[in-house]
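J.: Below you will find the structure I want to go over with you.
Derivation of every value follows stated rules applied to the coordinates shown; laboratory data play no part. Fair warning: this is a prediction, and the values are worked out from it, not measured in the lab. Note: ideal-geometry Cβ built from the backbone for every residue, glycine included; neighbour counts use all protein chains shown.
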Amino acid sequence: MEENRNQENTDFMKETIKQRPLNRKKLVRRTLITAAMAVIFGMIACFTFLLLEPVISNRLYPEEEPQTVVLVEEVEENEILPEDMIADESQMQAENEEVPALEDEQIAQVLSEIKLGSEEYISLFSSLNEVAKEAHKSVVTVVGVTSDVGWLDNEYESEGAVSGVIIADNGRDLLILANAGSIRDADSLKVIFADGQEYQASIKKRDNHTGLAVISISKSIIRSSTLEAVKAANLGTSGISLVGSPIIALGRPMGTEGSLCFGNITSLGNITELPDSDYKYMTTDIYGNLNASGILINLRGQVVGIIDMSQSPDDMKNLISGIAISELKKVVERLSNNNDLAYFGVYGTDVTEEANKKMGVPFGAYITEIDMDSPAMDGGIQSGDVIVRLDGTEITNYQQLVRELLLKKPEEEIEIGLMREGPDGYTEMEVSAVLAQKKG
């Protein structure tokens with residue numbers, strides 16, 4: 001009885017728990033919101049990583065800053081240094097002593113006694129080959145790869161190649177000087193070193209007036225074996241005393257890779273017709289290819305010229321010629337340090353002693369021609385003007401004007417002092433001009 005009563009009292013507590021019905025729309029909406037938030041979060045994280053990764057990497061693994069490239073001005077072997085011009089008493093006494101002059105017959109007799117046998121010739125050319133072999137470590141082949149589409153819509157690649165020379169190692173990159181005229185429109189560049197290994201490269205800076213470019217390759221991608229097998233070239237000097245001296249042409253003087261020629265320098269007095277420059281043009285008696293490229297070295301293995309056939313005389317098109325290295329050094333130095341070249345737009349020459357005395361032309365940079373629409377023309381410079389001052393620096397010849405312009409930057413304003421001839425002789429004027437950047 002008691003038990004029945006307790007059961008009756010607890011029956012009201014029994015209930016059935018029903019499962020809540022599923023709201024599909026709400027579930028889909030929440031799933032979409034979660035997925036969208038995940039995508040947004042991922043994009044924010046990715047964007048943040050892209051922004052901060054270079055900063056963090058530079059903090060943890062700072063990239064080595066490239067060293068400044070400085071190309072040393074060397075003195076010619078036969079050039080007299082100022083200190084060498086001071087003679088002591090013993091030298092003066094020796095000079096005062098009469099040296100017996102040799103007659104032509106005596107000279108001819110001495111020369112006739114000098115005879116070279118086959119062994120001497122073998123030894124001579126063996127020595128020349130050793131010089132060329134050592135210098136070849138600095139020579140590279142620069143290949144420009146261009147992609148195109150043929151008549152049948154088939155893609156193909158074409159390659160153009162020129163010889164270049166390693167000019168410097170700035171600690172981060174190897175820098176190569178080459179005539180980039182035939183590869184300027186290439187989609188990509190690769191450089192083949194003396195050990196046969198090839199690496200991707202890029203143009204660092206180009207001088208569109210000469211066609212020369214400095215090409216860089218990161219040392220981080222170059223094998224240690226290649227770095228041990230190559231070296232930067234020794235840049236010499238190219239004064240007028242080199243005329244008649246033996247010369248070796250390396251690179252592609254015959255139009256094929258690795259060709260080698262021996263000869264002599266025949267002239268070094270021609271000036272290239274390029275604005276704001278005084279590059280000397282070097283000719284040789286080496287018969288080569290019209291598309292030759294490479295370097296000219298002396299018997300000490302020093303580079304004295306960069307092969308450039310673009311300005312060869314019409315009657316000597318196949319004779320190897322090049323731009324003398326001395327006047328190129330400052331330009332190459334600026335290109336190697338990633339500096340843009342300023343453009344003024346003048347051609348000029350020096351004022352000779354005769355012109356100064358007989359015609360009253362003041363010493364300075366005599367302007368013979370001006371480019372149309374150039375900064376020089378916009379500044380009021382005229383043919384026949386003599387520039388005697390640039391930003392307060394006295395200008396005594398055209399070479400000095402060229403050197404001063406190389407120190408300037410594009411968009412920089414310069415103050416020019418000049419002498420202009422009028423009815424009453426030369427009068428001094430002050431003009432200004434804003435330099436531009438060299439264009440192709």
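J.: Report, by chain and number, residues whose modeled amide H sits under 5 Å from the one on residue 201, excluding near sequence neighbours (fewer than 5 apart, same chain).
T.: 189, 190, 191
J.: Continuing with this model, one more query. Dipole of the stretch 296-381, Cα-centred, from +1 at each Lys and Arg C-beta and -1 at each Asp and Glu C-beta, to the nearest 20 debye? Provide the component values of the computation, followed by the final result.
T.: Details: 7 positive and 13 negative charges, 91 e Å.
Around 440 debye, computed over the stretch 296-381.
J.: Taking θ as phi - 60°, what are the ³J(HN,Hα) couplings along the stretch 383-400 by the Karplus curve (6.51, -1.76, 1.60), each to the nearest whole Hz, with x for Gly and Pro?
T.: Values per residue, Gly and Pro as x: 4, x, 5, 10, 7, 10, 7, 9, 6, x, 8, 5, 10, 9, 7, 5, 4, 5 Hz.
J.: Continuing with the same structure: Filter 231/280; 133/231; 204/231; 205/329 down to the pairs with a C-alpha to C-alpha distance above 22 Å, please.
T.: From the list (231/280; 133/231; 204/231; 205/329), the Cα-Cα distance tops 22 Å for 231/280.
J.: For the stretch 118-144 and the stretch 334-387, compute the distance between their C-alpha centroids and round to whole Å.
T.: Computed from Cα coordinates, the inter-centre distance equals 41 Å.
J.: Between residue 227 and residue 396, what is the label-to-label distance in nm when each label sits 7 Å out along the Cα-to-Cβ direction?
T.: 4.6
J.: How many angstrom lie between the Cα centre of the stretch 405-440 and the Cα centre of the stretch 241-273?
T.: The distance from the Cα centre of the stretch 405-440 to that of the stretch 241-273 comes to 36 Å.
J.: When a/c is below 1.5 the answer is rounded, else prolate if a/b is larger than b/c, else oblate, so apply that to the stretch 219-378 with a ≥ b ≥ c taken from the square roots of the Cα gyration tensor eigenvalues. Walk me through the intermediate numbers first.
T.: Details: a/c = 2.11, a/b = 1.50, b/c = 1.41.
Here the stretch 219-378 falls in the prolate category.
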